[in-house]
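Asks: Encoded as structure tokens, here's the structure I'll be asking about.
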Amino acid sequence: MIVSKKIVLHFPVRLVDRSIVYHLIKDYDLELNIMKASIIPDAEGLMVIEVRGEQTDYDKGVKYLTETGVRIQSLAQNVMRNEDKCTHCGACVTVCPTKAFKLDFETRLISFDASKCIACGLCLKACPPRAMELHF
Amino acid sequence: MSKTIEEINEKIKKGEAVVVNAEEIIDIAREKGVKKAAKEVDVVTTGTFGPMCSSGAYFNIGHSNPRIKLGGGKAYLNDVNAYAGFAATDLLIGANALPDDDPRNKIYPGEFKYGGGHVIEDLVAGKDIRLSVAAYGTDCYPRKKLETLINIKDLNEAVLFNPRNAYQNYNAAINLSSKVIYTYMGILKPNMGNINYSTSGQLSPLLNDPYYKTIGIGTKIFLGGGVGFVAWNGTQHNPSAPRNEKGVPVCGSGTLALIGDLKQMNSYWLRGTSMMGYGATLTVGVGIPIPILSEEILEYTTVTDTDIVAPVIDYSSDYPNMISNTLAEVSYADLKSGKVEIDGKQVPTASLSSYSRALIIADTLKDWIKSGRFPLTEPAELIPGIESGLNTKPMNERPIPD
């Protein structure tokens with residue numbers, strides 16, 4: 001079975017200069033789409049990737065990452081809407097490149113589908129009451 | 001058919017008044033006809049909840065010991081610049097005010113995370129605010145420095161005063177250039193990538209009383225979750241703007257200056273707001289009741305999103321350079337559908353004001369009136385209408401002689 005998952009990788013300082021992503025592709029036959037990467041020498045590295053491949057390969061890849069010391073987080077947990085702050089104006093709807101926000105034409109409320117989110121951060125800036133929060 | 005506010009108030013007192021919101025009245029009038037609807041319905045409530053930059057608050061902080069004179073000095077609230085140009089202990093803060101060390105657009109586009117609008121929200125929420133004052137000292141007000149926490153409950157008066165709110169219609173903003181622009185109408189993507197608009201359309205106060213026949217100075221309203229009043233016409237009030245056959249202005253026109261006791265307002269309806277690359281502001285909740293005094297007034301309240309048309313204006317070049325150029329006219333029904341066609345291109349649309357919250361405001365006001373706690377007021381004077389000939393002038397910029 002083919003799976004496709006968006007995950008966040010946290011690289012501890014000691015791993016930042018190792019070619020981990022290379023092994024993920026070559027040894028586990030996984031297809032990667034890098035959506036965001038922040039790798040600075042002597043600091044924790046961060047990468048947001050979409051991983052696609054056979055479930056068994058995916059599981060082996062995740063095991064490799066975990067054993068190497070990379071911390072894995074699901075992307076859906078990273079971008080969140082602060083419901084107390086959101087006013088349901090809708091300014092986010094057109095700036096989101098993946099259409100994660102949807103306007104309900106009946107209630108005029110805006111829904112946020114975290115599974116469509118790629119954590120690009122555009123909505124964080126476009127939201128007038130700053131209701132969108134990024135937690136890496 | 002004609003009614004007076006006094007008669008309507010009698011019914012409100014007895015709990016017999018028929019009150020509906022500006023959305024409900026559309027179907028009621030369609031079903032029953034204007035004549036019957038005007039007879040049966042006493043009040044139509046409106047609402048809007050959007051960023052309104054010309055908003056602010058003033059308050060009296062009380063006298064410290066020894067006394068300090070704020071007037072002529074410098075004052076900050078949570079590092080945000082406040083205006084200290086009144087008497088010793090009165091202070092004014094505007095929604096767009098910023099801390100001195102905010103980078104603004106030096107790092108473009110600026111984020112404007114915290115400004116005057118946020119101070120007002122925090123104050124209303126009951127949070128302590130840091131007040132820092134530098135004064136010059138006088139014989140009767142010797143103190144020169146003051147650093148203290150203040151809280152709304154300790155202030156003598158705290159008043160929301162907004163010189164321009166509740167715009168009657170407004171531009172729909174688009175970007176014709178090839179790069180992203182950051183405006184008070186939000187982020188506009190290049191090459192007509194999106195359109196942003198900001199009004200509650202058929203629920204909007206002044207669009208339901210287009211000729212200002214009931215809303216005037218002293219009209220009691222919903223303001224920021226509490227009770228407020230119309231203080232005056234707003235700045236840039238422009239009753240002479242062109243109108244369509246239904247009397248609806250086809251661009252920004254009437255405005256209102258609003259006032260109310262901040263102490264009984266609620267931070268749910270006064271939200272500090274950040275417009276990327278533009279500045280900090282305040283999102284304000286406003287609801288105005290319209291007494292159905294005649295069939296004519298009822299007919300105005302039946303305005304629908306299809307009747308209200310907004311001009312599509314380019315904010316990359318035309319707007320900044322005062323070029324009067326309407327690219328297209330689109331109805332709010334179209335804008336609310338999520339996309340409109342401009343020059344053969346489907347352009348996605350988004351709103352900066354919350355329609356769902358505007359509806360809650362109209363319904364809250366409806367409940368207040370129905371419960372008898374909110375009798376209507378007779379305006380002391382109506383705001384200037386078409387007959388005034390009033391319009392908004394551009395600046396008459398002139399060189400200063402040496």
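The values are calculated or read from the model by the stated rules, or taken from the named source; none is laboratory data. Just so you know, these numbers come straight off a predicted model, no measurement behind them. Quick reminder, even Gly has a Cβ in these numbers, built from the backbone with ideal geometry, and neighbours come from all protein chains shown.
Asks: How do the pairs read when you match residues in the range B:1-22 that are at pLDDT 95 or above with residues anywhere that are hydroxyl-bearing (Ser, Thr, Tyr), using Cβ under 6 Å and keeping only pairs 6 or more apart or on different chains?
Replies: B:21/B:45; B:22/B:46; B:22/B:301
Asks: Consider residue B:196 carefully, then state whether it is under 24 Å from residue A:127 (Cα atoms) and surrounded by fewer than 24 Cβ atoms within 10 Å (Cβ to Cβ). Spell out how you get there, then give the answer.
Replies: On the way: under 24 Å from residue A:127 (Cα atoms): yes; surrounded by fewer than 24 Cβ atoms within 10 Å (Cβ to Cβ): no.
No; evaluated as a whole, the condition is false for this residue.
Asks: Any residue in the range B:311-319 that is touching a helix residue (DSSP H, G or I) at 6+ places or on another chain (Cβ under 6 Å), of a type in the set (Val, Ile, Thr), touching a residue at least 24 places away in the same chain (Cβ under 8 Å) and more than 14 Å from chain A (Cβ to nearest Cβ)?
Replies: Residues of the range B:311-319 touching a helix residue (DSSP H, G or I) at 6+ places or on another chain (Cβ under 6 Å): none.
No: zero hits.
Asks: Sticking with this structure for a sec: Kindly list, by first and then second residue, each pair from a residue in the range A:10-31 that is touching a residue at least 12 places away in the same chain (Cβ under 8 Å) and under 12 Å from residue A:62 (Cα atoms) to a residue that is part of a loop (DSSP other than H, G, I, E, B) and of a type in the set (Val, Ile, Thr), limited to pairs with Cβ atoms under 8 Å and residues at least 6 apart or on different chains.
Replies: A:20/A:70
Asks: Looking only at strands (runs of 3 or more DSSP E) that fall completely inside the range B:319-402, which ones have 3 or more residues that are exposed (fewer than 11 other Cβ atoms within 10 Å of the Cβ)? Steps first, answer last, please.
Replies: Values: elements: B:328-331, B:339-342, B:345-351.
Where strands (runs of 3 or more DSSP E) fall fully within the range B:319-402, none carries at least 3 residues being exposed (fewer than 11 other Cβ atoms within 10 Å of the Cβ).
Asks: What is the number of the single condition among (1) closer than 16 Å to residue B:51 by Cβ; (2) surrounded by fewer than 20 Cβ atoms within 10 Å (Cβ to Cβ) that residue B:157 does not meet?
Replies: Only one criterion in (1) closer than 16 Å to residue B:51 by Cβ; (2) surrounded by fewer than 20 Cβ atoms within 10 Å (Cβ to Cβ) is unmet by residue B:157, namely (1).
Asks: From the set of residues in the range B:109-131 that are within 14 Å of chain A (Cβ to nearest Cβ), within 27 Å of residue B:265 (Cα to Cα) and small (Gly, Ala, Ser), which is surrounded by the most Cβ atoms within 10 Å (Cβ to Cβ)?
Replies: Ranking the candidates gives B:117 first.
Asks: Any idea which of B:37, B:88, B:84 is buried (at least 18 other Cβ atoms within 10 Å of the Cβ) and either within 14 Å of another protein chain (Cβ to nearest Cβ) or closer than 30 Å to residue B:4 by Cβ (or both)?
Replies: After ruling out the rest, the residue left standing is B:37.
Asks: Within the range B:273-288, can you find the residues that are in contact with a Pro (Cβ under 9 Å, 6 or more places away or on another chain) and either farther than 11 Å from residue B:223 by Cα or assigned to a strand (DSSP E or B) (or both)? Quick ask: steps written out before the conclusion?
Replies: Pass one, the range B:273-288, residues in contact with a Pro (Cβ under 9 Å, 6 or more places away or on another chain): B:273-278, B:281-284, B:286-288.
Within the range B:273-288, B:273, B:274, B:275, B:276, B:277, B:278, B:281, B:282, B:283, B:284, B:286, B:287 meet the criteria.
Asks: Hey, residue B:172 hits all of (1) within 14 Å of another protein chain (Cβ to nearest Cβ); (2) surrounded by fewer than 24 Cβ atoms within 10 Å (Cβ to Cβ) but one; which does it fall short on?
Replies: Here residue B:172 clears every test but (2).
Asks: Right, something else. Considering only the range B:324-358, state which residues are of a type in the set (Gly, Ala, Ser) and within 14 Å of another protein chain (Cβ to nearest Cβ).
Replies: Of the range B:324-358, the ones of a type in the set (Gly, Ala, Ser) are B:324, B:328, B:331, B:333, B:337-338, B:344, B:350-351, B:353-354, B:356, B:358.
If the condition is that a residue be of a type in the set (Gly, Ala, Ser) and within 14 Å of another protein chain (Cβ to nearest Cβ), then B:333, B:337, B:338, B:350, B:351, B:353, B:354, B:356, B:358 are the ones that fit.
Residue by residue, here is whether (1) within 14 Å of chain A (Cβ to nearest Cβ); (2) under 20 Å from residue B:332 (Cα atoms); (3) surrounded by 24 or more Cβ atoms within 10 Å (Cβ to Cβ) holds:
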| residue | (1), (2), (3) |
| --- | --- |
| B:190 | yes, no, no |
| B:215 | no, no, yes |
| B:257 | no, no, no |
| B:272 | yes, no, yes |
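Asks: Okay, moving on. Exactly one of (1) of a type outside the set (Val, Ile, Thr); (2) closer than 22 Å to residue B:283 by Cα; (3) at pLDDT 95 or above; (4) out of contact with any Gly (no Cβ under 7 Å at 6 or more places or on another chain) is unmet by residue A:105. Its number?
Replies: Single failed check for residue A:105: (2).
Asks: Shifting gears a bit: Kindly establish whether residue B:134 is touching a residue at least 24 places away in the same chain (Cβ under 8 Å) and either over 25 Å from residue B:43 (Cα atoms) or within 14 Å of chain A (Cβ to nearest Cβ) (or both). Walk me through how you get there before you give the answer.
Replies: On the way: touching a residue at least 24 places away in the same chain (Cβ under 8 Å): yes; either over 25 Å from residue B:43 (Cα atoms) or within 14 Å of chain A (Cβ to nearest Cβ) (or both): yes.
Yes; evaluated as a whole, the condition is true for this residue.
Asks: Among the residues of the range A:93-124, what is the count of those that are surrounded by 13 or more Cβ atoms within 10 Å (Cβ to Cβ), without any contact (Cβ under 8 Å) to a residue 24 or more places away in the chain, within 8 Å of chain B (Cβ to nearest Cβ) and at negative phi?
Replies: 4
Asks: OK, next. Please determine whether any residue of the range B:382-393 is over 27 Å from residue B:289 (Cα atoms) and more than 14 Å from chain A (Cβ to nearest Cβ). Steps first, please.
Replies: Looking only at the range B:382-393, we keep the residues that are over 27 Å from residue B:289 (Cα atoms), and these are B:393.
Adding the requirement that they be more than 14 Å from chain A (Cβ to nearest Cβ) leaves B:393.
Within the range B:382-393, one or more residues are over 27 Å from residue B:289 (Cα atoms) and more than 14 Å from chain A (Cβ to nearest Cβ).
Asks: Regarding the range A:68-75, can at least one residue be identified that is assigned to a loop (DSSP other than H, G, I, E, B), under 14 Å from the mean Cα position of the chain (by Cα) and loosely packed, with under 15 Cβ neighbours inside 10 Å? Full working, then the answer.
Replies: Step one: of the range A:68-75, the residues assigned to a loop (DSSP other than H, G, I, E, B) are A:69-70.
This time we only want the ones that are under 14 Å from the mean Cα position of the chain (by Cα), so: none.
Scanning the range A:68-75, I find no residue that is assigned to a loop (DSSP other than H, G, I, E, B), under 14 Å from the mean Cα position of the chain (by Cα) and loosely packed, with under 15 Cβ neighbours inside 10 Å, so the answer is no.
Asks: Oh, and also: Do we find a residue being under 22 Å from residue A:115 (Cα atoms) and of a type in the set (A, V, I, L, M) anywhere in the range A:9-17? Show your work before the answer.
Replies: Keep residues of the range A:9-17 that are under 22 Å from residue A:115 (Cα atoms), which gives A:9-10.
Now narrow it down to the ones that are of a type in the set (A, V, I, L, M): A:9.
Yes, the range A:9-17 has at least one match.
Asks: While we're on this one: Which of (1) closer than 22 Å to residue B:351 by Cα; (2) surrounded by fewer than 19 Cβ atoms within 10 Å (Cβ to Cβ); (3) more than 14 Å from every other protein chain (Cβ to nearest Cβ) is the odd one out, the single condition residue B:308 does not satisfy?
Replies: In the conditions (1) closer than 22 Å to residue B:351 by Cα; (2) surrounded by fewer than 19 Cβ atoms within 10 Å (Cβ to Cβ); (3) more than 14 Å from every other protein chain (Cβ to nearest Cβ), residue B:308 misses (2) alone.
Asks: May I pose another question? Of all residues in the range B:189-210, which are farther than 30 Å from residue B:298 by Cα and either of a type in the set (Gly, Ala, Ser) or in contact with a Phe, Trp or Tyr (Cβ under 6 Å, 6 or more places away or on another chain) (or both)?
Replies: Hit for the range B:189-210 is B:193, nothing else.
Asks: Restricting to the range B:235-272, give me the number of residues that are under 23 Å from residue B:395 (Cβ atoms) and part of a loop (DSSP other than H, G, I, E, B).
Replies: 13
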